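Scroll down for the structure; my scribbles are underneath it.
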Amino acid sequence: MELQLSNTLTRRKERFAPADPSRVTMYVCGPTVYNLAHIGNARPPVVFDTLFRLLRHVYGEGAVLYARNYTDIDDKIITAAIERGVPIAEITRAVEGAYEADMAALNVLTPTARPRATENVGAMIALIEKLIANGAAYVVPSGVYFSVAADADYGKLSGRAQDDLKAGARVDGEDDKRHPSDFALWKSAKPGEPQWEAPFGAGRPGWHIECSAMIEEELGSPIDIHGGGVDLIFPHHENEIAQSECAHGRPLARVWMHNGFLTMDREKMSKSIGNIITPRELIEQGWQGETIRWALLSAHYKAPLDWNDDLLRQSQASLDRLYGAALRLRDVEITNFEPPSAFLEALADDLNTPAAIAELSALATAANVAAKPADKAKAKGELLAAGYLLGVLLDDPEHWFRASFGEAAAEIDKLVAERVAARAAKNYAESDRLRDELAARGVEVMDGTSGSTWRRKT
Ligand code: AMP
Ligand code: ZN
């Protein structure tokens, strides 16, 4: 199978071939851990988790190294700690825990490495020293800066010319840098702020150098794939490239991938605009994690995705249909666990999740019409294996339909049992009455050879 990926750096969709198929490397910029992730922040980890799943399928589970970092030192974190009057680590560890719980709810696999910036400061200092020695960085009282003039290639990812970069690059406290586009590698220590000793003066790292250093520490370079949201192309990824390539004289990453924005009413979801909703709020409203994940994968990753309740309702209905097919085949033992090639080809075409979702739907249809035991077993195996690659259909089908009823599920169990008893006693009037009552609660009862089960009506 040939994997094709869009590369922001070359502006083309290209055949993907890792440098070493037994050691495929991917890095995705992770969260700045100062407050809860919103559903827009969840798009990159869900998109790249799907790619991680695909890469593991193609190259083998142990062959893919995927690092996603925690930015646990940053202006916003320092401000939050001062405002709340608590130590920084108290905030960052709590937010990290919440992030991991949210990711687990969205069926995001744990990356193979989750480096924290604060635990890699030594590597950042070493990288900065190298840049100073190379003449690509300079030391002034406010900190250490990368000199864009020293990098003839600067701007190659975003396509911005250096002349365009002068406007809007003013940052408070950086009056002593030489060129408006130069960016901080190291910020000199200020009273009350966290600081580390360094040969060029005590201080703390800038955001961009954190990722460059963690990539090198965890994976080496060049890595095969570097990912993140489209807003990170400039300046963050441009600066990661400049730092790493000037320090090491080799490319940082071969393929650069960027997901489009998640929007609400066509406006980017962002903390600063305030139009945010978090995965946990949606889960508190009764939406299941898989429904949220499905919604996030319903558009191609490069395209914008407008978020609303309709999208969630449609996603739930699609998943209900798949779980309905799985429920009907619950007693069938699978003999294979291999996604069919049409499904794989959809994903391999630049992670075309809408096409993969259409294939998954077709697999549910095939499962619904399968009659022979061997066909049923094959259909179920294909459906579940394809679901696994998308990170859905991981729930037990009966549990899936119960879950959205919360505490009412036990009551429904009781009504279903009463109906089974009424039928056994040939009290059909009572059994029909109970069926109607269940229907009024949005429950559909399915009578099978091994008893009665129920599901949410779709
Ligand atoms: P931040 O916490 O703002 O640094 O963002 C963490 C990650 O979420 C980055 O990869 C961003 O590109 C991404 N991101 C932030 N907002 C959105 C959005 N509305 N849609 C898609 N991705 C986003
Ligand atoms: Zn980064």
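Values in this text are rule-based calculations from the coordinates and carry no lab data. Note that the structure is a prediction, hence the values are computed from the model and not measured. Counting neighbours? That spans all protein chains shown, and the Cβs are built from the backbone with ideal geometry, glycine included.
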Checklist entry - trypsin sites (Lys or Arg not before Pro) within the range 308-343: which are DSSP loop residues with at most 13 other Cβ atoms inside 10 Å? => result ARG330
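Whole number please: convex hull volume per residue of the Cα set in the chain, in Å³? Display every interim value, and only then the final one.
Details: hull volume 69.2 nm³, N = 458.
It is 151 Å³ per residue.
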Checklist outcome for this item: Karplus ³J(HN,Hα) for the range 38-53 (6.51 cos²θ - 1.76 cosθ + 1.60, θ = phi - 60°; Hz, whole; x = Gly/Pro) runs 9, 5, x, 5, 7, 5, x, x, 6, 4, 6, 5, 5, 5, 4, 4
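Using the scaling law 2.2 N^0.38 Å as the reference, what is the normalised Cα Rg of the range 305-458? Each step should come with its number before you reach the end.
Values: Rg = 17.6 Å, N = 154, 2.2 N^0.38 = 14.9 Å.
Here the Cα radius of gyration is 1.18 times the empirical estimate.
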Checklist entry - Using a Förster distance of 35 Å, how high is the FRET efficiency between GLU119 and ASP349, based on the Cβ-Cβ distance and rounded to 0.05? => result 0.40
Checklist entry - Considering the zone a paramagnetic label at ILE273 would reach in this model (a point 7 Å from Cα along the Cα-to-Cβ line), which residues of the range 29-72 have amide N under 12 Å from it? => result 40
Item to check | Candidates per GluC sites (Glu not before Pro) in the range 310-405, loop by DSSP, up to 12 other Cβ within 10 Å | outcome: GLU333
Next on the checklist: Counting other C-beta atoms within 10 Å, and keeping those with at most 12, which DSSP coil trypsin sites (Lys or Arg not before Pro) do you find in the range 383-456?
Outcome noted: LYS426
Item to check | Whichever lysines have a C-alpha closer than 21 Å to that of LYS414, once near sequence neighbours (fewer than 8 apart) are set aside | outcome: LYS426, LYS457
Item to check | Reference-scaled alpha-carbon Rg (2.2 N^0.38 Å with N residues) for the range 126-226 | outcome: 1.12
Item to check | Convex hull of the range 10-124 built on C-alpha atoms - directionally averaged projected area, nm² | outcome: 9.0 nm²
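Could you tell me which of rounded, prolate or oblate describes the range 239-393, using a ≥ b ≥ c as the square roots of the eigenvalues of the alpha-carbon gyration tensor, with rounded for a/c under 1.5 and, failing that, prolate when a/b is larger than b/c and oblate otherwise?
Oblate.
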Checklist outcome for this item: Computed over the chain: longest principal axis from alpha-carbon atoms vs helix 207-219 long axis, angle to nearest 10 degrees, is 70 degrees
Checklist outcome for this item: Subtracting the Cα-Cα distance of LYS76 and VAL139 from 0.36 nm times their residue separation yields 20.3 nm
Checklist entry - How large is log10 I(q)/I(0) at q = 0.19, 0.20, 0.26, 0.27 Å⁻¹ when the Debye formula is applied to the Cα atoms of the range 227-296, each weighted equally and without solvent? => result -0.87, -0.91, -1.17, -1.21
Item to check | Cut-off under 5 Å, modelled amide H: who pairs with TYR70 long-range | outcome: ARG116, ALA117
Item to check | Qualifying aspartates and glutamates (Cα of each under 16 Å from Cα of LYS378; at least 8 residues distant if same chain) | outcome: ASP331, GLU333, GLU338, GLU359
Next on the checklist: I'd like the distance separating the alpha-carbon centroids of the range 227-289 and the range 26-45, in whole Å.
Outcome noted: 7 Å
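Kirkwood Rh over Cα pairs of the range 367-427 into Stokes-Einstein at 37 °C, 0.692 mPa s: D in µm²/s?
Working: Rh = 14.3 Å.
Value of D from the Cα-based Kirkwood radius: 229 µm²/s.
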Checklist entry - Sequence-distant or interchain residues sharing an amide H contact under 5 Å with LEU305, placed H: which? => result PHE261, LEU262, THR263
